[in-house]
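The values are calculated or read from the model by the stated rules, or taken from the named source; none is laboratory data. Being a predicted model, the structure only gives us computed values, none of them experimental. Note that we place each Cβ from the backbone using ideal geometry, even for glycine, and neighbour counts take in every protein chain shown. With ligands, DNA and RNA removed, areas are computed over all heavy atoms of the protein, side chains included. Shrake-Rupley method; radii C 1.70, N 1.55, O 1.52, S 1.80 Å.
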Amino acid sequence: MADWADDDDNVDVTTELDDYLPEAYEEGPDDKGIKTLVSFRIQDGQKQKVIRKVKVVTKKKKVSKRIQERLAWKKFGLAEDAPPGPEEETTIVSRDDVHIENPGDENKAQKREEDEMIKRLRSGALNRKKREEFAAKESTILGSEGMGQGLRTGTALSQMADAPSSLAAAGGPGGKYVPMHLRGGDAAASMSRFEEEDQTTLRVTNISEDTTEDDLRDLFQPFGRIQRVYLARDRETQISRGFAYISFHYRDDAQRAMDKLNGFGYDHLILKVEWAKPSTRDDAGTQSVMKAGIVSGYGGALPQNMG
Amino acid sequence: MRPLILKGHTRPLTTVKYNTEGDLLFSCSKDSQPTLWRSSNGERIGTYTENGHRGTVWHLDVTVDSKYLVTGGADMTAKVWDVESGKKIFDFPHTGPVRHVEFSEGSQMFVTVSDPFRGSPACISVYEFDPNAEQPEGPKYMWEVNGLEQGKKLSKATWMPLNKNLLSADEFGVMRLHEVESGRVIREVHEHTKRINAISWNKEKYLFMTGSADCNAILWDAAELKPLKTYATERPVNAVGISPIKEHVFVAGGQDAMSVTTTSSRVGKFETKIFHMVFADAFGSIKGHFGPINTLAVHPEGTGFTSGSEDGYVRVHEFDPSYFEMHSELDDLSALQTM
């Protein structure tokens, strides 16, 4: 009898039935214009059903006869065996929406980096020495911005003063790391306070369907520099769901925007602007730990006294 | 806009080009697989790989009727392909790597630029293009560039309007206007100070743009060969384009591939900048690549543009409606001036 070790590992044990794949089919388009494409494939020895939902938008365009003829061309070369239409391997639609940005913002990139430092500083990811160095630098930066920013300086510095305490909360006595579940209630409380103070995101509701992210950007830009605008859209139809999140760089800017724009009539609707709430407290707690410092690939916290 | 990302190449892109109508997009890279794409949906139609190039494909061009493609590669050949079937028709051996290939107006001739190699100098060759010929014929005219030092490279050669002259560009930023037949230098222009990486014509072929490693792009009047505008950037310019519908020009580039790993993508400035053609004022930038942009092509209808980068990706951008509605004070001003 042959030894099992002599068996060829690559012996083909698949029967015809195992190779069988159902035919690909399409459904729809339904009333929302969504077409469902279902195909089957074998990958890594497993049969997989691939469901792709595609929104069908009909646009009529007159094209020259030549272009029409070229649409019927057969594929060749490395693409010879590919089915009609774009292949997943070679063609992807970018997930990111790309804008034509104003290059004037580019000069602010340096500043953005400094802001980033301030943020990290606040969350206690830097060691004391760096923090002190940076505090000096920050006060000069903020000081040089002129009188109008005086208030901001105050906030930034007062938050910096808070930073060591929240650092201590995350690190426990003597800078030693204490896991989340071993920390006292105090720590958790300070964490949530910290979270609230750090809040620069506004939730805007009652937005009309036609409003785009750019419109919102235009609307909120005057109050201060915006980090991110997120407009909730229907996953399938890409139609606005009527609410959005606007993240500012500074809480003061957000506050002013909220004061001014809450109840503001925009595009036949009245906007409601409020602070964005984290979905659940628990969640927020974990997130702030994640944000607060260096974490391992599994989301667990690593020693925070590096640096 | 959400650009289409084309992942057909495994090495840095060298050239992307639209056909006359803009429905087809050709790309070539250092991976020896010139590829044909449908520009509307990013579908890969085919690759020109059967008995194809070995090594880098530096440049390509397509005939005005979109029937034939010519590619030039580092394997010291230029090859002519049938666009639809992907079959190779001819091989044209050269004395060095082929840097640039370009069909004349009307596509009855094409010009190639080859690098110096093993003692043979940089050369410009002009071929008659007859796709139905039995045998590929040797170059009709072939000459070295007078004034270029032995062993130095040319980067581009382009047909002037009505194929009257050829314009060559070299690695020192010098441009020379030549007689097509003899290569006699009619004029020499020293406007750039470093290698000229790109030459791009406007639709009507009375203006062209050059982009150079000296970080400038220049707009030229083709009839007088006179610089009209300079668009200054902070990075070497690898690619330029002129919008056929608006007074906009596109300038792209980035640091040398050599120094990329040591800098962040922001410092590298890997974005495409849009300048107002007349006021030379950069009003927009489009990001996305994470390596220097090597090549750029503006859609012949001005509805978008495509860029190919050192990072191996081609990004096909189709402008949002807001781009077409975009109305700057500058436009008002220029309208006023033409009144």
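From the list B:THR35, B:THR49, B:THR10, the lone residue that is without any contact (Cβ under 8 Å) to a residue 60 or more places away in the chain and open to solvent by 30 Å² or more (accessible area, probe 1.4 Å) is B:THR49. So in the range B:214-237, with the set limited to residues that are closer than 13 Å to B:MET277 by Cα and hydroxyl-bearing (Ser, Thr, Tyr), which one is least open to solvent (accessible area, probe 1.4 Å)? Here the residue is B:TYR231.
Cβ-Cβ distance below 8 Å, separation of 6 or more or different chains: which pairs start in the range A:247-265 with a residue that is outside the structural domain of A:SER208 (by TED's automatic domain parsing) and end on one that is β-branched (Val, Ile, Thr)? Close Cβ pairs (under 8 Å, with a partner that is β-branched (Val, Ile, Thr)) do not exist here.
When the range B:196-213 is filtered for residues that are more than 13 Å from the chain's Cα centre (by Cα) and open to solvent by 30 Å² or more (accessible area, probe 1.4 Å), the ones remaining, listed by number, are B:LYS203, B:GLU204, B:LYS205, B:TYR206. Pairs needed: first member in the range A:55-70, within 12 Å of another protein chain (Cβ to nearest Cβ); second member anywhere, small (Gly, Ala, Ser) and surrounded by 11 or more Cβ atoms within 10 Å (Cβ to Cβ); C-beta distance under 9 Å; at least 6 residues apart or different chains. Filtered contacts from the range A:55-70: A:ARG66/B:SER66; A:ILE67/B:GLY22; A:ARG70/B:SER66.
For the range B:238-339, the helices (runs of 4 or more DSSP H) that sit wholly inside it and include 3 or more residues that are away from chain A (no Cβ under 12 Å), modelled with pLDDT under 85 and open to solvent by less than 50 Å² (accessible area, probe 1.4 Å) are B:329-338.
When restricted to residues that are of a type outside the set (Ser, Thr, Tyr), in contact with a Lys or Arg (Cβ under 7 Å, 6 or more places away or on another chain) and within 11 Å of another protein chain (Cβ to nearest Cβ), the range B:32-51 contains 4.
When the range B:88-138 is examined, which residues are found to be of a type in the set (Asp, Glu) and either open to solvent by less than 40 Å² (accessible area, probe 1.4 Å) or out of contact with any helix residue (DSSP H, G or I) (no Cβ under 7 Å at 6 or more places or on another chain) (or both)? Matches in the range B:88-138: B:ASP91, B:GLU102, B:ASP115, B:GLU128, B:ASP130, B:GLU134, B:GLU137.
B:GLY183 meets all of the listed conditions (1) open to solvent by less than 10 Å² (accessible area, probe 1.4 Å); (2) of a type outside the set (Ser, Thr, Tyr); (3) modelled with pLDDT of 95 or more but one, namely (3).
Residue under question is B:SER66, and the condition is that it be assigned to a loop (DSSP other than H, G, I, E, B), on the phi > 0 side of the Ramachandran plot and of a type outside the set (Lys, Arg); does it hold? Against the criterion (assigned to a loop (DSSP other than H, G, I, E, B), on the phi > 0 side of the Ramachandran plot and of a type outside the set (Lys, Arg)), B:SER66 qualifies. Within the range B:71-129, if we keep just the residues that are within 14 Å of chain A (Cβ to nearest Cβ) and of a type in the set (Lys, Arg), the residue that is nearest to B:GLU181 (Cα to Cα) turns out to be B:LYS79.
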